[in-house]
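Working notes for the structure below.
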Amino acid sequence: MSLDAATVLLQWAAGGMLFCWFTTRRREVGLGYGWLLRGVYLLMALGAFAAGLAFGHVPVREAASLGVALSALFALVVSIVRKSAGVSGRQALHDRRSERVAAMTGIERDVAGAEADRTDAAGPEFPPILDLLPAMIGAVGLVAAGVDAGDDAAVAVLRLLVGAAFLGAITDAMLLGHWYLVQPGLPRGLLNEIVTAVAWLWPLEVLVMLLPTGMLAVLSGDVDDGWGGMLGWMWLACAFTTIILILVTRAALKERYYSAVMAATGLLYLAILTGFGMDIVARAVLADA
């Protein structure tokens, strides 16, 4: 197991783009959310490429980092070019709400005709599948980084892939929570869905870090963390705090008031810190194990 900036940034970019697709595939969140995520992870992938060239070259990983950046840029350009088509799910939600208002007020509205006019005028919509391409390219680079990391390549690859998904999900959940400030009418189910994904990924993240040689060896003292075992206990605290924060976030989202979304976003801020501690602290301690 090793810890280096190029691999961490590639993990973050690949996992972030995976969960960008996870949310945008429903075509309900506004175009700006996709633009934000693609731009952020494009820059992270470029950072991974630069760090790999500067601090330790793994050819396939660096090629994948560049591929993630280029494919994210391609998806961003396509989304901007097709912005006039909007997002069909968001428009459908608007039409359903308009129909309910019309039913209550008795004011007629030709929803079907308006939808047909929009489709004819706007052209083809952005295909969400393009957001999966950077994630798949990044996965190839992470496999290469895992194989290069040490003798137990299978465990290293598992840790990198699961870690990428975990870091991407928890980061995108926090960013999505903030997006409700931009798009207040966004269905709360989108945030619930990605927070649930984080909850399912948490035990996998813990499990891969316990695989031998793993954090159990650090906690038992068989692996010296250089701090008298303190880093092992810090990892354990991060793990338990993360799942508690995620569970409390899910509970907050059950409240009907809009402020519950903002409270959930604040909790996700903290969960990012502890979630990164789960991945980064463990990999740092196990780097020389």
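The values are calculated or read from the model by the stated rules, or taken from the named source; none is laboratory data. All values derive from a computational prediction rather than experimental measurement. Quick reminder, even Gly has a Cβ in these numbers, built from the backbone with ideal geometry, and neighbours come from all protein chains shown. We work out accessible area using only protein heavy atoms, side chains counted, and drop any ligands, DNA or RNA first. Shrake-Rupley method; radii C 1.70, N 1.55, O 1.52, S 1.80 Å.
When the residues of the range 41-50 are narrowed to those that are among the hydrophobic types (A, V, I, L, M, F, W, C) and open to solvent by 10 Å² or more (accessible area, probe 1.4 Å), which ends up farthest from residue 14 (Cα to Cα)?
Keep residues of the range 41-50 that are among the hydrophobic types (A, V, I, L, M, F, W, C), which gives 42-46, 48-50.
Now restrict to residues that are open to solvent by 10 Å² or more (accessible area, probe 1.4 Å): 42-44, 46, 49-50.
Values: 42: 10, 43: 12, 44: 9, 46: 12, 49: 13, 50: 16 Å.
The extreme case among them is 50.
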TODO: Return only the number of the condition from (1) of a type outside the set (S, T, N, Q); (2) closer than 20 Å to residue 160 by Cα; (3) part of a helix (DSSP H, G or I); (4) open to solvent by 10 Å² or more (accessible area, probe 1.4 Å) that residue 70 does not satisfy.
DONE: (2)
Open item on the list: If the requirement is being at negative phi, buried (at least 18 other Cβ atoms within 10 Å of the Cβ) and modelled with pLDDT under 90, which of these qualifies: 61, 118, 90, 159?
Closed with: 90
Open item on the list: Take residue 261 and tell me if it is open to solvent by less than 20 Å² (accessible area, probe 1.4 Å), closer than 29 Å to residue 30 by Cβ and not in a loop (DSSP other than H, G, I, E, B).
Closed with: yes
Open item on the list: Return the pair list, or none, for Cβ contacts closer than 7 Å from residues in the range 28-55 that are more than 14 Å from residue 16 (Cβ to Cβ) to residues that are open to solvent by 60 Å² or more (accessible area, probe 1.4 Å) and assigned to a helix (DSSP H, G or I), at least 6 apart or on different chains.
Closed with: 28/90; 30/90; 30/182; 31/83; 32/182; 49/66
- [ ] Please give the number of the condition residue 213 fails out of (1) open to solvent by 40 Å² or more (accessible area, probe 1.4 Å); (2) without any contact (Cβ under 8 Å) to a residue 60 or more places away in the chain; (3) under 27 Å from residue 231 (Cα atoms).
- [x] (2)
Task: Single unsatisfied condition, residue 204 versus (1) touching a Lys or Arg at 6+ places or on another chain (Cβ under 9 Å); (2) over 19 Å from residue 32 (Cα atoms); (3) modelled with pLDDT of 90 or more - done: (1)
Open item on the list: Of the residues 179, 235, only one is touching a helix residue (DSSP H, G or I) at 6+ places or on another chain (Cβ under 7 Å), at pLDDT below 95, open to solvent by less than 20 Å² (accessible area, probe 1.4 Å) and in a helix (DSSP H, G or I); which?
Closed with: 235
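Residues are listed down the side, and each one gets a yes or a no for (1) aromatic (Phe, Trp, Tyr); (2) free of Cβ contacts under 8 Å to residues at least 40 places away in the same chain; (3) surrounded by 15 or more Cβ atoms within 10 Å (Cβ to Cβ); (4) under 30 Å from residue 25 (Cβ atoms):
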{"residue": "192", "(1), (2), (3), (4)": "no, no, yes, yes"}
{"residue": "198", "(1), (2), (3), (4)": "no, no, yes, yes"}
{"residue": "204", "(1), (2), (3), (4)": "no, no, yes, yes"}
{"residue": "221", "(1), (2), (3), (4)": "no, yes, no, no"}
{"residue": "225", "(1), (2), (3), (4)": "no, no, yes, no"}
{"residue": "228", "(1), (2), (3), (4)": "no, yes, no, no"}
